[in-house]
């Protein structure tokens, strides 16, 4: 009740110190303060209580529950040993130790053990033995990293909903070291007899409690308590206030499906199917029963015990649809309810019945997101949707084994949040598809995760708190859906029928703290190779920003493009560049340093724009000042005014509207040889504004664009810039692919090397990776312009053609490999070995079969062979083959012929019967086209 909650809060605030014992507290002091607890624990560990020995551990305190000799004592446990307890005392407020009953203290210690190092909640309940009332119970709650007031309010709501009042509350905050803290709640609750909240058509938990004194009937309430930490506020409003007859599971399914409906239905009518309208319609009294019936259909389909068979599901689904068609007159409501049922039908796996889940996760058949595929888009391999407290997430991937970054989107207003929600799936799909195109050189397919977080009216620490929680909830839900454990085998009904492997990497707003937590959680959840799950780990990873891996590839493309498009040799000729993305950013900051490293005074950066503003100077921004900003991770608004030239300008968005306009238009206004978008939101240049990139005479402000940032320009705008102004654009899937290759190498390293081996060899490995990146970038860049000379077209179209050709070849070869014997596959292993940095191969490739999953090995062989074939022979040759079977068999034969050419070359190198010039000329011919010629002769 509200009054109980208020009085409990007052009691709590007056009884807790909210500060743990200082680390400087001596062991003797801790031992003295906790002497009663240590004494009780000693007797417990000695087994004396098993003989009902009455040990006097009672002292005067505010906890009336002192019965050390009853059968409620905890079992002996190593965590109750003296040294363990003394270490635990250091985490506790002094008042908590002094005022707690020893038995209760150890009981709560057990709860702490369940949640330490996690984000979980543990709950226990027992009868009150002092008050001698059948309706009185003690509820103990340990919840990791929760705001105390929120924890207490949530507990009050659940208990009140189930006809319990809080009589007394104790609350203490315990340290959990680098994981944060643990909130300890102990609530004395009593039953009351109000039933206003119950659904007349259902039997409530509270009715059972009024009839039975067995505390096991409180189990459903305890499950509800554990869900409250992670439930979305809207779902809690729906269940606790508007429709108390709804169960928490029903409420969570309804709100989750409503959020999922928005990006699907908004395409049909953005105004009618706004996020607010969908929620209002589906939770209206007129339709809530229909929504509840759909939630029940979902819950029964995935009920661990006796789930609905396909026949029963189809029958119930048909009945529901018939009822909706006849009972619902509003077309909008009808469309939404039918689409809800379609989502349920296309759900293949869910974690809804896992007790310790952090959010609601659905593994979807991706066709449900493309049922009205007007654009004829490629349907992805898999889609995961996650609905949680203040966030919704999509994970989209295009292959069975895939990797890609996770980005956080945090709109600052309800209006912008609604807009981002409508386009969230499309953004995630677009990013994943771009990743698929750029992942052509590596074993993993492309994927992306986009977490849309509701940070309305939040800032500073509160915003960071919500963001970090959302990352944890999302990734833990991914583990719920892809990691097999005893619990998931028992509680997750699997309609997919296969195990899944995916990997994440950091993207926008993901922190080192997030990365470390995710890797640790992967290990705790039993992910096969936890260090491989997340890339850019501080200790055992290759940090993209620190080593500038993406920018190394971007600059290689820039170098080749300057020579081919503008006839500029950047090592000899002067040229100008403009950049979006600040000196404090990953791609932009490193590109600035690489430009100066490679070309010195030949390069002039005439403009840089980021979130803080922009700096412009037609004579070039000062090199030393830009390097200072990069080295100190400072935004462009921190540029020293005194370092500007006579024509230079500095605009900060905080100054005025003019500053915002200057920043937003810099990439269009300034004239430069090349434009490098290395930061900025997707679709910044689209069909509505692409003409702003052109000068009054119709010529482009830059003839060359190298896309360091993903999706900065829409596909149709790229084509329009080429058609109308001849702009040469190096597409993102080519230009910034070096980052994903690095992450793939990190995955391979995590599988093959120990953390110690990686750390001790890291400098050499990083050096070799950077060399590999430049090689991959140059191979594609040269093929790009070679293809352009043969078949002139917009460069983005050629780039996509290269990616599609390699991916098609990879799929065909992978299928062919499935039909080969193990020995035949092993004959192709040198491809995978050569793909890896030498140090990794030398240290551990002999263990590849014992450490790397078989399917990953096959994917690696297929992708290595496909990219080798396309880069060497070109797209036209590969596309000239009639079908995938021909392509696959030719690829396998290609390797055999290539090995024959190596034998011929070695024979020639050892031949003394001809002149050196003749011998070298023949060797060059063999290297250039010997393999292809041998294949043609074979035909």
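Where a number appears in this text, it was derived from the coordinates with a stated rule and is not lab data. Computed from a prediction, not measured in an experiment: that's the story for all the values here. Cβ placement follows ideal geometry from the backbone for every residue including glycine, while neighbour counts extend to all protein chains displayed.
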Suppose we keep just the alpha-carbon trace of segment 466-512; what are its Rg and Dmax in angstrom? 13.2, 36
Once the piece of chain linking residue 933 and residue 98 is laid out straight, how much longer is it, given 0.36 nm per residue of separation minus the C-alpha distance between them? 291.9 nm
Give me the percent of Cα-Cα pairs in segment 545-736 that sit more than 27 Å apart, rounded to a whole number. 20 percent
Work out, in µm²/s and without decimals, the Stokes-Einstein translational diffusion coefficient of segment 347-526 at 25 °C, 0.890 mPa s, Rh from Kirkwood over C-alpha pairs. 147 µm²/s
Please report how far the C-alpha centroid of segment 485-516 lies from that of segment 724-750, rounded to the nearest whole angstrom. 25 Å
Can you give me the angle between helix 148-161 and the longest principal axis of the chain, using Cα atoms only, in degrees from 0 to 90, rounded to the nearest 10? 60 degrees
Roughly how many whole Å is it from the C-alpha centroid of segment 592-646 to that of segment 788-821? 39 Å
Using a Förster distance of 56 Å, the FRET efficiency for residue 855-residue 657 (Cβ separation, nearest 0.05): 0.50
Stretch residue 311-residue 496 to full length: gain in nm at 0.36 nm per residue minus the Cα-Cα span? 64.9 nm
Stretched out fully, how many nm does the piece from residue 270 to residue 912 gain, at 0.36 nm a residue minus the Cα gap? 223.4 nm
Two-decimal ratio, segment 755-806, of alpha-carbon radius of gyration to 2.2 N^0.38 Å: 1.67
In deg cm²/dmol and to the nearest 500, what is the mean residue ellipticity at 222 nm of the chain if only DSSP H runs of at least 4 residues count, each as -39500 (n - 2.57), divided by the residue total? -16000 deg cm²/dmol
Based on the alpha-carbon set only, what is the convex hull volume of segment 280-407 divided per residue, in Å³? 158 Å³
Rounded, prolate or oblate: pick one for segment 818-939, where a ≥ b ≥ c are the square roots of the eigenvalues of its C-alpha gyration tensor, a/c under 1.5 means rounded, and failing that, prolate if a/b is larger than b/c, else oblate. oblate
At the level of C-alpha centres, the distance separating segment 138-194 and segment 230-274, in angstrom, is 26 Å
Using the count of nearby Cβ atoms within 10 Å as a rough guide to exposure, how do 660, 878 rank from fewest to most? 660, 878
Using C-alpha positions alone, give me the convex hull volume of segment 822-874 per residue in cubic angstrom. 77 Å³
Would you mind giving the average projected area, over all directions, of the Cα convex hull of the chain in nm² with one decimal? 46.9 nm²
Give me the Å³ per residue figure for the convex hull around the C-alpha atoms of segment 230-345. 104 Å³
Treat the count of other C-beta atoms within 10 Å as a stand-in for reagent exposure and order 587, 150, 483, 383 from fewest to most. 150, 483, 383, 587
How do the peptides 639-652, 393-406 rank, highest first, by the average count of neighbouring beta carbon atoms within 10 Å per residue? 393-406, 639-652
Of the beta bridges DSSP finds with both residues in the chain, what % are antiparallel, to the nearest 5? 65 percent
Calculate the radius of gyration of the Cα atoms of segment 741-880 to one decimal place, then report Dmax, the largest Cα-Cα distance, as a whole number, both in Å. 16.5, 50
Which order do the peptides 113-124, 819-830, 460-471 take when ranked by the mean count of other beta-carbon atoms within 10 Å per residue, highest first? 113-124, 460-471, 819-830
